[in-house]
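The numbers here are math on the coordinates, done by the rules we state, and not lab data. Predicted model, so just to flag it, every value in this text is computed and none were measured. For neighbour counting, all protein chains shown are included, and Cβ atoms are generated from backbone atoms with ideal geometry for every residue, glycine included.
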There are 2 protein chains.
Amino acid sequence: MSTASESSAPDTVRSTPRSPGHIRLTSHSAGFGAPQISWGAATAAERGPVIATTTDRAHRNVIGTHSGSYSVYRALAVAAGALSRDHRADLTNTSPTDVIGPHRQWADPNAIVSLDPWGATVAESFPELLASGYDIRPTIAVTKAHVILPEIAEAISRGRLTPDGEFLLSTGAALVTKAAVEPVWWLPGVAARFGCSETDLRRTLFEETGGMYPELVTRSDLEVFLPPIGGQTIYIFGDPQDLSNPAVELTARVHDECNGSDVFGSDICTCRPYLTHAIEECIQGAQRGGVGLVAYSRKEGRALGEVTKFLVYNARKRQVGGDTADQYFARTECVAGVQDMRFQELMPDVLHWLGITRIHRLVSMSNMKYDAITGSGIEVGERVDIPDELVPEDARVEIDAKMAAGYFTSGAVPTTDDLRQVKGRGLSG
Amino acid sequence: MSTASESSAPDTVRSTPRSPGHIRLTSHSAGFGAPQISWGAATAAERGPVIATTTDRAHRNVIGTHSGSYSVYRALAVAAGALSRDHRADLTNTSPTDVIGPHRQWADPNAIVSLDPWGATVAESFPELLASGYDIRPTIAVTKAHVILPEIAEAISRGRLTPDGEFLLSTGAALVTKAAVEPVWWLPGVAARFGCSETDLRRTLFEETGGMYPELVTRSDLEVFLPPIGGQTIYIFGDPQDLSNPAVELTARVHDECNGSDVFGSDICTCRPYLTHAIEECIQGAQRGGVGLVAYSRKEGRALGEVTKFLVYNARKRQVGGDTADQYFARTECVAGVQDMRFQELMPDVLHWLGITRIHRLVSMSNMKYDAITGSGIEVGERVDIPDELVPEDARVEIDAKMAAGYFTSGAVPTTDDLRQVKGRGLSG
């Protein structure tokens with residue numbers, strides 16, 4: 001934990017590279033033999049590894065463990081006798097397909113607070129510690145893929161996209177580099193992002209989850225937390241090295257998960273149509289010498305989860321007067337207490353990990369995403385809204401409510417009176 | 001916790017309806033004023049409500065809190081000052097659009113152990129407790145939707161599907177009833193499914209997550225755990241009431257999340273093609289007087305998470321000899337220690353919640369899913385494999401390896417020699 005004075009000045013949190021002056025509670029097994037983490041240090045060696053193993057507790061230097069919420073399944077596997085608790089991952093041949101960084105942002109403790117920039121290269125970064133028995137695991141994995149989307153096939157057949165054999169094949173497959181990123185939270189920095197003290201953050205995380213990880217409150221010397229939540233996946237169209245070059249045109253969308261639309265094509269929102277439009281824009285961008293990026297965050301239902309999302313759908317469709325755009329946010333707030341829980345404050349971290357300083361074309365209308373990105377020091381050029389013909393009829397309620405609330409649009413902003421007229425389908429339709 | 005003798009006989013775990021004889025640790029704030037849960041009781045009133053509120057700790061009768069892993073975002077919202085910790089959900093108009101159950105399976109403590117069958121109807125089930133101030137929240141939400149998938153539009157244009165105005169509209173939209181289901185684990189029953197003692201399950205869940213929820217080990221009187229993991233979503237094509245009628249043809253797929261294919265169309269596996277084929281089968285089934293079901297479980301990358309999944313992709317593509325089907329499972333096991341962590345043992349619960357006793361057409365080739373479903377007492381008629389033309393070229397490695405390992409196929413099972421010949425693309429392609 002930072003010193004008291006730092007905690008109370010959340011905008012200028014600094015890492016504590018060498019002499020932390022922490023209280024180490026000797027009642028815990030960890031703390032001796034555990035390498036120190038100096039968040040934001042300039043090199044991997046100075047920063048130190050993130051060790052979340054459950055096999056040798058004395059080596060642990062974080063709260064929580066790997067794989068986000070899948071740590072629960074790993075525990076089940078051990079309980080069921082399917083997995084040895086001492087299993088060590090054989091990382092042969094698993095290293096990234098593409099070099100990402102290091103970028104200067106990695107050495108700024110305030111630029112990245114919710115992922116481990118060195119998480120993709122643990123084998124290269126900590127060979128001696130690994131050789132001497134420390135169980136250091138990747139929190140990021142980088143691979144390559146061919147992605148085939150029916151919407152891209154249709155764009156080809158309609159002549160909007162042309163296969164080039166390099167970024168887009170005649171089969172309709174787009175070539176991507178992709179990375180999965182686990183959450184790794186440096187608590188002093190996360191607290192700073194949300195304008196609260198680290199102490200309050202720790203206590204609230206503990207209390208409001210019903211008592212998850214007492215170490216959050218008892219181990220203030222452990223500054224890093226691997227929360228049991230979903231992470232992010234990034235899809236890069238073109239050369240990943242170009243992402244950090246502000247002279248190369250970057251088309252980017254930051255997309256929050258919506259299973260109902262992204263996978264099943266529900267017509268109540270614009271999520272998948274906007275996502276596939278962004279992929280089309282990314283491919284076009286790569287083809288004209290630029291690079292494209294989609295960063296996909298696991299934040300189902302505005303991070304309220306799908307049960308709350310469906311409850312809100314019912315409340316919207318059944319309210320007196322029907323599902324009108326002027327009541328769109330009110331219904332979420334009645335059920336959930338907030339309009340949105342996605343907290344875009346942490347989202348730009350992945351952009352800084354990639355070394356991005358300028359997004360030429362941001363394929364998003366969200367003012368919250370825009371504010372978070374520009375507020376973190378990344379320039380944004382043009383904003384690309386969803387083409388009107390891609391908005392499903394029942395999703396006009398959502399998109400109009402959002403535009404009236406501050407979302408970007410290249411067209412007219414709906415008035416309060418307009419919002420009362422925009423009405424979605426009922427539940428019987 | 002069950003009595004010692006019950007714990008040691010995991011196949012015949014019984015609920016403890018009236019006199020639990022639990023040790024209640026008075027050092028904890030909960031336990032007084034908290035309604036008791038008698039898992040598997042015949043009525044909601046006898047079963048008692050699941051109370052996971054963080055607002056009044058004395059009312060809590062479970063470990064953990066609501067919304068799975070999104071409880072962490074809720075805690076962040078409180079820390080950031082965006083959400084009052086005392087917010088009570090206004091559940092006006094949120095109740096299910098369709099009546100599900102009660103079914104006789106709800107009164108069998110062994111039939112359902114990982115969800116709350118009464119979780120969709122808390123307002124109707126516990127009106128007096130709600131009125132007297134208990135914060136009881138739904139763990140299931142049921143709504144209606146129109147889903148529009150490009151693959152279904154293509155099936156219409158190719159004449160495989162014909163809009164009927166009831167199940168499938170001329171716009172290409174299919175009408176569904178859908179439900180989101182949060183995990184609610186009755187620990188004695190979960191332990192029984194995995195053949196371990198409840199004590200071992202509790203300790204392992206605690207230790208192997210790096211110390212999540214000490215109440216797992218200190219509060220043996222609390223039998224119910226809401227784990228911070230993703231849940232399930234079910235999509236019903238046709239009348240939900242028909243699901244429990246074995247005389248009505250049921251077409252069903254139980255699908256495990258694969259973001260890379262389900263959303264982005266990666267060609268390394270068959271996930272989305274099989275899913276959209278199942279939806280086509282479900283619509284056809286509904287049109288001929290049957291009912292269709294897709295149960296979608298949040299178990300990314302065989303519940304290993306996406307970082308591990310991508311590490312395995314690299315290891316497969318780079319190994320000596322290339323990405324051959326005979327090494328398919330070995331590479332996962334080297335990295336993860338197991339071939340699979342999805343544990344289909346809990347999956348059938350959602351089928352029992354829906355009252356299903358017979359699946360006429362199971363759109364899945366997985367022997368693990370089949371064994372779990374039939375082992376739980378549900379009859380399965382025909383098994384429907386993925387049409388060969390829907391298997392992406394690079395996904396032959398996966399599907400052939402799986403068929404050789406016991407997955408159902410209506411065709412020939414590949415031999416060991418065949419598997420050596422089936423080879424996927426390298427990383428440079």
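Figures for the structure shown
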read-out	value
Spacing of the two label points (7 Å from each Cα toward its C-beta) at A:R88 and A:D371, in nm	4.9 nm
Other copies of B:R160: label-to-label distances in nm, shortest first, labels 7 Å along the beta-carbon direction	2.3
Cα long-axis angle, helix A:271-287 against chain A (0 to 90 degrees, to the nearest 10)	80 degrees
Fraction of antiparallel bridges per DSSP, the protein assembly as shown only, in percent to nearest 5	60 percent
Shielding of B:115-127 by partner chains, average beta-carbon count, 10 Å	0
Shielding by partners - mean other protein chain Cβ count within 10 Å, residues of B:129-141	2
Other-copy label distances relative to A:P214, 7 angstrom Cα-Cβ extension, nm	0.1
Ranked packing of B:408-421, A:64-77, most packed first, by mean Cβ within 10 Å	A:64-77, B:408-421
P(r) tail fraction, the stretch B:252-298 - alpha-carbon pairs more than 16 Å apart, %	40 percent
The stretch B:32-154 - convex hull of the alpha-carbon atoms, volume per residue in Å³	161 Å³
Relative contact order (%) - criterion: Cα under 8 Å, at least six apart; region: chain B	15 percent
Where Rh is the Kirkwood radius over Cα pairs, Rg/Rh for the stretch B:169-270	1.10
Cβ crowding within 10 Å averaged over residues, with B:148-160, A:187-199, A:41-53 ranked highest first	A:187-199, A:41-53, B:148-160
Estimated D of the protein assembly as shown in µm² per second, where Rh is the Kirkwood radius over Cα pairs and Stokes-Einstein applies at 20 °C, 1.002 mPa s	78 µm²/s
For peptides B:202-211, B:346-355, sequence by mean Cβ density within 10 Å, most packed first	B:346-355, B:202-211
Cβ-placed point charges (K, R +1; D, E -1), dipole of the protein assembly as shown about Cα centre in debye, nearest 20	1120 debye
Shielding score for A:265-274, defined as the mean number of other chain Cβ atoms within 10 Å	4
Distance (nanometres) between label positions extended 7 Å along Cα→Cβ at B:E379 and B:V320	5.3 nm
Shape of the stretch B:116-220, Cα gyration tensor, a/c cut at 1.5	oblate
Any cysteine of chain A lacking a neighbouring Cys Cβ under 4.7 Å - listed by number	A:C196, A:C269, A:C282, A:C334
Structure-based [θ]222 nm, chain A - -39500 (n - 2.57) summed over DSSP H runs of at least 4, per residue, nearest 500	-8000 deg cm²/dmol
Per-copy distances of the A:R358 label point, shortest first, in nm (7 angstrom along Cα→Cβ)	6.8
Pairs of alpha carbons in the stretch A:287-402 whose separation is greater than 17 Å (percent)	64 percent
Diffusion coefficient, µm² s⁻¹, Stokes-Einstein with Kirkwood Rh over alpha-carbon pairs of chain A at 25 °C and 0.890 mPa s	106 µm²/s
C-alpha center-to-center spacing [the stretch A:43-104, the stretch B:309-370] in angstrom	21 Å
Alpha-carbon gyration tensor eigenvalues x 5, square-rooted, for the stretch B:232-315, Å	30, 13, 8
DSSP bridge pairs, chain A: antiparallel proportion in percent, nearest 5	60 percent
